[in-house]
Every structure is written in C-alpha cells, then in structure tokens.
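> Encoded as structure tokens, here's the structure I'll be asking about.
The values are calculated or read from the model by the stated rules, or taken from the named source; none is laboratory data. Keep in mind it's a predicted model, so treat the numbers as computed, not measured. With ideal geometry, Cβ positions are generated from the backbone for all residues, glycine too; neighbour counts draw on all protein chains shown. To get the accessible areas, we keep the full protein, side chains included, count just its heavy atoms, and leave off ligands, DNA and RNA. Shrake-Rupley method; radii C 1.70, N 1.55, O 1.52, S 1.80 Å.
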Amino acid sequence: MTSAKIIILSGPSGAGKTTLHQKLLESPVFKSKLIRSLSATTRLPRKGERNGREYLFLTKKEFIARQKKGDFLESMKVFDNYYGTPKDKVDAALKKGKNILLCIDVKGAAVVGRNRADVLKIFIKTPTLRHLKQRLQKRGTEDLETLKLRLKIAKEEIKEAGEYDYVVINDSLPHAYQELSRILRKEIFKPESVQKSDK
Ligand code: ADP
Ligand code: 5GP
C-alpha cells in the first residue's frame with residue numbers, strides 16, 4: 001500500500017526552501033509523486049509573484065474569515081503577516097495517494113506534526129548565519145528592517161532543527177538537492193519498493 005505523506009520543508013527565510021522545492025517539483029523522478037501546497041498569506045506579492053501561483057494573496061479580513069471557517073490546517077503570524085495552509089488541497093492530495101509538499105515555518109510545522117499522521121519534516125539551513133544574510137541580501141526582496149527581523153527570527157528557528165526528521169545543509173545547491181533527493185527516495189519510495197520486493 002502507498003502511504004502518501006505530508007512533506008514539510010522548514011527553515012529560516014533565505015535558507016533555500018523555495019529553490020529546493022521548485023527543483024523537486026520539476027524533477028522527472030519526483031514530480032509525479034508530489035503536489036505542491038498553495039499557502040494563503042496577507043503579505044503583499046513580491047515583484048513577479050502572482051496570485052494563485054506563489055501564494056493565495058488575501059486581505060487580512062479575508063484571511064481571518066477563512067481562519068474562522070476552519071479552512072486552514074494550520075495558520076501562523078510570521079514576520080507581521082499571516083500565513084496558512086488550506087486544508088482542502090492537502091486532503092485532496094492525500095486522498096489521491098499523492099504526497100503533498102508544504103514550505104512552512106517551524107511553528108506551523110509543529111502544529112501539523114501534532115495533528116496529522118504520516119508527516120515527514122525536513123529542516124533546511126545554510127552552513128552559517130553569514131551565508132543566510134548574504135543570500136537574503138542577494139535575493140534583494142527585503143528592506144533593511146525586514147531583513148533584520150528575518151535574521152533575528154532565523155536564530156530562534158534554527159534552535160528547532162532537532163525536532164525535524166532530517167536536517168539538510170544548503171551549502172552548494174547541487175549537494176543540498178542531492179541530499180534532499182536521497183531522503184525523499186528513501187521515504188516516499190519505500191512503501192512501494194517494499195511491496196515490489198515482497199511479490
Ligand atoms: P527561502 O525560500 O528559504 O526563503 P530561497 O529559495 O528564496 O529561500 O533562497 C534564498 C536566495 O538564495 C535565493 O536568491 C536563491 O537563489 C539563493 N540560493 C538558494 N540556494 C543557494 C545556494 N546553495 N547557494 C547560493 N545561493 C543560493
Ligand atoms: P515568505 O514571505 O518569504 O514567502 O515566507 C516567509 C515565511 O513564511 C517562510 O518561513 C515560509 O516558510 C513561511 N510560510 C509560508 N507559507 C506558510 C504557511 O502556510 N504556514 C506557515 N505557518 N508558514 C508559512
């Protein structure tokens with residue numbers, strides 16, 4: 001039997017979650033096995049981001065209305081904005097036997113881990129905080145205040161890495177991706193390969 005999982009990637013802002021999860025979704029090995037969750041957020045779209053693609057961009061009023069209706073599997077205030085994982089897409093994916101990939105913060109990940117079975121939690125981090133700062137600066141999406149806030153919170157988030165099933169250090173991108181692929185091959189192909197070898 002294939003047991004579909006909720007696969008969570010967490011880690012500080014700038015650690016490389018978006019880059020790595022994008023590579024997974026484009027990979028011929030994994031793309032048929034994974035569905036990407038689409039989070040809702042009250043933060044403003046960055047240049048190039050589109051509603052319904054990177055996020056479901058909501059006003060605070062719309063977000064709170066959905067929260068009250070119980071639409072979210074988890075929702076959190078992260079860096080002064082609200083973010084939430086819509087429950088319907090997660091449940092639809094699992095029902096179809098597909099793994100669903102979530103890129104969410106450590107507090108949201110803890111909630112999902114407590115409330116759901118079959119959760120695989122992977123923490124992504126940079127080799128040092130200096131790398132993180134440089135990558136955030138290079139990405140250029142944050143003003144100075146937001147950058148400082150993200151780095152301050154990063155220190156707290158990194159303390160939670162021990163709560164995860166795996167930690168991937170995003171040093172070079174090919175190396176980090178190789179490590180992530182190894183974990184996913186082991187974790188999501190395991191039930192099927194056991195079944196095959198049992199035949
Ligand atoms: P997150 O989604 O965790 O906030 P991103 O995927 O946006 O992080 O990555 C932050 C920035 O660092 C991006 O500009 C990305 O292109 C870059 N980046 C990601 N991985 C690496 C790496 N291994 N080496 C150098 N730069 C990287
Ligand atoms: P960003 O604003 O850089 O896209 O995301 C900021 C942070 O919010 C990241 O740590 C990201 O993982 C987290 N995040 C994105 N979507 C969700 C979500 O649905 N729930 C929670 N709890 N965190 C989220």
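> In terms of modelled amide H atoms, which long-range or inter-chain residues lie less than 5 Å from the amide H of Ala4?
none
> A further question on this structure: Using the Cα centre as the reference, give the magnitude of the dipole from point charges on the C-beta atoms of the range 89-142 (Lys, Arg: +1; Asp, Glu: -1; all else neutral), rounded to the nearest 20 debye. It would help to have the intermediate numbers written out before the result.
On the way: 14 positive and 4 negative charges, 31 e Å.
Computed charge dipole of the range 89-142: roughly 140 debye.
> If you don't mind, there's one more thing I want to ask. If you rank His175, His131, His21 by how much accessible surface each has, with a 1.4 Å probe, what is the order from largest down?
His175, His131, His21
> Expressed as a whole percent, how much of the Cα-Cα distance distribution for the range 90-180 exceeds 22 Å?
Details: 1587 of 4095 pairs.
Counting pairs separated by more than 22 Å, the tail of P(r) holds 39 percent.
> Once neighbouring chains are kept in place and the probe is 1.4 Å, which whole percent of the accessible area of the chain is contributed by carbon and sulfur?
Details: 5770 of 11140 Å².
Of all accessible area on the chain, carbon and sulfur atoms account for 52 percent.
> When DSSP assigns beta bridges and you keep just the ones with both residues in the chain, what percent turn out antiparallel, to the nearest 5? Provide the component values of the computation, followed by the final result.
On the way: 8 of 27 bridges.
Once the DSSP bridges in the chain are tallied, antiparallel ones form about 30 percent.
> Only Lys, Arg, Asp and Glu count, each charged at its Cβ (+1, +1, -1, -1), so figure out the dipole size of the chain about its Cα centre, rounded to 20 debye.
Numbers: 43 positive and 24 negative charges, 63 e Å.
That gives a dipole near 300 debye.
> Oh, and also: State to the nearest 20 debye the size of the charge dipole of the range 99-199 about its Cα centre, where the only charges are +1 on K and R beta carbons and -1 on D and E beta carbons. Provide the component values of the computation, followed by the final result.
On the way: 21 positive and 15 negative charges, 39 e Å.
So the dipole magnitude of the range 99-199 works out to roughly 180 debye.
> Could you state, as a whole-number percent, how many of the C-alpha pairs of the range 6-190 are farther apart than 28 Å? Mind dumping the intermediate values first?
On the way: 3510 of 17020 pairs.
The calculated P(r) of the range 6-190 puts 21 percent of pairs beyond 28 Å.
> Could you give the accessible area per residue of the chain, probe 1.4 Å, as a whole number in Å²?
Numbers: 11140 Å² over 199 residues.
Dividing the accessible area of the chain by its residue count gives 56 Å².
> Here's something else I'd like to know. Please list, or write none, the aspartates and glutamates whose alpha carbon is within less than 16 Å of the alpha carbon of Lys121, excluding same-chain residues fewer than 8 places away.
Glu74, Asp105, Glu157, Glu160, Glu163, Asp165, Glu179, Glu187
> Let me ask another. Alpha carbon centre of the range 1-61 versus the range 144-171: separation in Å?
What the calculation gives is 18 Å, centre to centre.
> With n ≥ 4 as the cut-off for DSSP H runs, can you work out [θ] at 222 nm for the chain, using -39500 (n - 2.57) per run divided by the number of residues, rounded to the nearest 500? Can you show the working numbers first?
Details: 8 runs with 90 residues, N = 199.
Helix-only estimate at 222 nm: -14000 deg cm²/dmol.
> If you build the convex hull over the alpha carbons only and average its shadow over all orientations, what do you get for the range 4-57? Give it in nm² to one decimal.
Approximately 4.5 nm², given one-decimal rounding.
> From the phi angles alone, apply the Karplus equation (6.51, -1.76, 1.60; θ = phi - 60°) to the range 85-92 and give each ³J(HN,Hα) in whole Hz, x where the residue is Gly or Pro.
Karplus-based 3J(HN,Hα) across the range 85-92 equals 9, x, 5, 4, 5, 4, 5, 5 Hz.
> Oh, and also: Specify which residue in the list Ser27, Ile7, Thr146 is farthest towards the positive end of the charge dipole of the chain, using unit charges on the beta carbon of Lys, Arg (+1) and Asp, Glu (-1), about the Cα centre.
Ser27
> Oh, and also: Which of the aspartates and glutamates could a cross-linker span from Lys95 if the Cα-Cα distance has to be under 18 Å and same-chain partners fewer than 8 positions apart are dropped?
Of all the aspartates and glutamates, those that pass the test against Lys95 - Cα under 18 Å, at least 8 places apart if same chain - are Asp71, Asp118, Glu192.
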